[in-house]
Amino acid sequence: MLLSVIIPTFSCTERVEKIVESIASIAMCKKEIIIIDDGSVDASKNFLKTVEKKNKQVKIIFNNHNGVGASRNMGILE
């Protein structure tokens, strides 16, 4: 069973790492964590690249600022 978690983000580096660590610690199944950056205007891009390098379950997608709904839909298509 594959658990896919989609996390839309916008300029919120302080929470993302804790969220990823929490999801990654779930031992019941194989998982993928898809983070959609919705055009952040802070240092999120570099931070998310670091998170992706630390955890092989994480995939980062960078998007123009289209809103949370568009980001979720993009994650579903992955």
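Candidates are the residues of the range 60-72 that are under 20 Å from LYS31 (Cα atoms) and open to solvent by less than 90 Å² (accessible area, probe 1.4 Å); the one that is modelled with the lowest pLDDT is SER71. Only a single criterion out of (1) in contact with a helix residue (DSSP H, G or I) (Cβ under 7 Å, 6 or more places away or on another chain); (2) surrounded by fewer than 17 Cβ atoms within 10 Å (Cβ to Cβ); (3) over 29 Å from MET1 (Cβ atoms); (4) at pLDDT 85 or above is not satisfied by LYS45, namely (1). Scanning the range 13-26 for residues that are under 16 Å from VAL41 (Cα atoms) and either aromatic (Phe, Trp, Tyr) or surrounded by 15 or more Cβ atoms within 10 Å (Cβ to Cβ) (or both) yields a total of 2. Scanning the range 27-42 for residues that are at pLDDT 90 or above and either open to solvent by 90 Å² or more (accessible area, probe 1.4 Å) or of a type in the set (A, V, I, L, M) (or both) returns ILE33, ILE34, ILE35, ILE36.
Scanning the range 44-76 for residues that are touching a residue at least 24 places away in the same chain (Cβ under 8 Å) and either farther than 22 Å from SER22 by Cβ or touching a Phe, Trp or Tyr at 6+ places or on another chain (Cβ under 9 Å) (or both) returns SER44, LEU48, PHE62, ASN63, ASN64, HIS65, ASN66, GLY67, VAL68, ALA70, SER71, MET74.
The values are calculated or read from the model by the stated rules, or taken from the named source; none is laboratory data. Predicted, not measured: the structure shown is a model, and the values here were computed from it. All Cβ positions, even for glycine, are placed from backbone atoms using ideal geometry, and neighbour counts span all protein chains on display. In case anyone asks, the SASA skips ligands and DNA or RNA and just uses the protein heavy atoms, side chains included. Shrake-Rupley method; radii C 1.70, N 1.55, O 1.52, S 1.80 Å.
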